[in-house]
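Where a number appears in this text, it was derived from the coordinates with a stated rule and is not lab data. Keep in mind that what you see is a predicted model, and the values were worked out from it rather than measured. For neighbour counting, all protein chains shown are included, and Cβ atoms are generated from backbone atoms with ideal geometry for every residue, glycine included.
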Amino acid sequence: MDGIIDQVRRMPLAEKRRLAEALRQAIAEELASGGGEPDRCPRCGCPAFVRKGRDAAGRQRWLCRGCGRTFGAGTLGLLARSKLPAAAWMEFAACMADALPLRETAARVGVSLYTAWFMRMRVCEVMGRRLLPARGESFEMDGTYFPESMPGNHSRGWFGLGRPAHRTGHDASRAGLGGSVCVLCGVSETGDCFCELADGAEDGPGVALVALRRLPAACSVATDGRRSYAGSLGGRPREVRPSRELEMVNSLHSRLKAFIGRFNGVSNRRLQRYLDWFCWREQFRRSARGRRELLFAHEASGTYVCTRELTHLESHPFLSLANRVSIGERYGYMSMVV
């Protein structure tokens, strides 16, 4: 090894750069191919399959007993369905782990701005699927609000804004909560958290649906004195505190707003994806593996549902939370709608 390092030091700068690029590509391909044997068919979900030869690169393939088709470790995966090399996705994972702006990310990865945006949407979906259920015996739960953001030209759309159109970033603030969207947040004593986009305000049905999906069955919940929490927690013990004494969830709100603030305005249509991104960062911040390598491993083994067409048809903020959940459960991801 010392001899190789000495040879590298004597190389010209151009050759060192070529060597670094080749090493980066080799590392990315090695990490991407280390998925192991799957537990079920990625197409039909059947757990019965047998080995069926290898592909041109020498990777193992399997034959599904249910649908009769062959598949590999990367079938229907994020990297397998992309034309970009594994090294580009590894660099993109580093940018996502550091929460870099989109233009800087596109320049570092070497793709267009639109491609970088669509890569971000797919990785956010992968991160949302990787989130583990929240654990803990006691939770603090409260809502926080973000300004309403629906960018784009809606003059020919099939819905009305309910207000005069204005340029993004202009006249966005209003008195009270009339022009805001609510995000229900919860955090346990162990640090596990969740963030869920709700309907305009902390109403009873929205709180009940989030509690059903996110809170463990046997846990106590501390909230403020808002009436909508009283009968919406599914019989869980509830403790009422002043808002300023909900320290854990207030700290979570502060970190969430600082994270969303980096992107200078997130459309309400995409807000749930960014909430999943934030929760992924919170959940894996103490991981033994580096955050960049862990995210690339999740990219290599992750799958997605939203194609380019479906991504542009994602739910608008005026859709009720119940409709978003039912549609998301039908297609396997909370944020999508067709």
(request) Collect residues whose amide H, placed 1.01 Å from N in the peptide plane, falls under 5 Å from the amide H of V221; neighbours closer than 5 in sequence don't count. (result) F139, R238, E239
(message) Need the list of aspartates and glutamates near K52 for cross-linking: C-alpha distance under 20 angstrom, and skip anything on the same chain fewer than eight residues off.
(response) E37, D39
(request) Would you kindly derive the ³J(HN,Hα) couplings of region 118-134 from the backbone phi angles with the Karplus curve 6.51 cos²θ - 1.76 cosθ + 1.60 (θ = phi - 60°), listing them in order in whole Hz, with x for Gly and Pro? (result) 5, 4, 5, 5, 5, 5, 4, 5, 4, 5, x, 6, 7, 5, 8, x, 5
(message) Rounded to two decimals, what is the ratio between the C-alpha radius of gyration of region 189-253 and 2.2 N^0.38 Å?
(response) 1.06
(request) Rounded to whole Hz and in sequence order, give me ³J(HN,Hα) for region 266-272 from the Karplus expression 6.51 cos²θ - 1.76 cosθ + 1.60, θ = phi - 60°, writing x for Gly and Pro. (result) 10, 4, 4, 5, 9, 4, 5
(message) Give me the net charge for the shell around V109: Cβ to Cβ below 15 angstrom, other residues only, Lys and Arg +1, Asp and Glu -1.
(response) +2
(request) Mind jotting down the distance between the C-alpha centroids of region 178-229 and region 232-248, whole Å? (result) 10 Å
(request) Quick one: which residues, 5 or more positions from K52 or on another chain, have an amide H under 5 Å from its amide H? H modelled 1.01 Å from N in the peptide plane, none for Pro or chain starts. (result) R61, W62, L63
(message) Using only the alpha-carbon atoms of region 218-271 as identical scatterers, what base-10 log of I(q)/I(0) does the Debye formula give at q = 0.31 Å⁻¹?
(response) -1.13
(request) Show the residues, 5+ positions off or on another chain, whose built amide H is closer than 5 Å to the amide H of R69. (result) C64
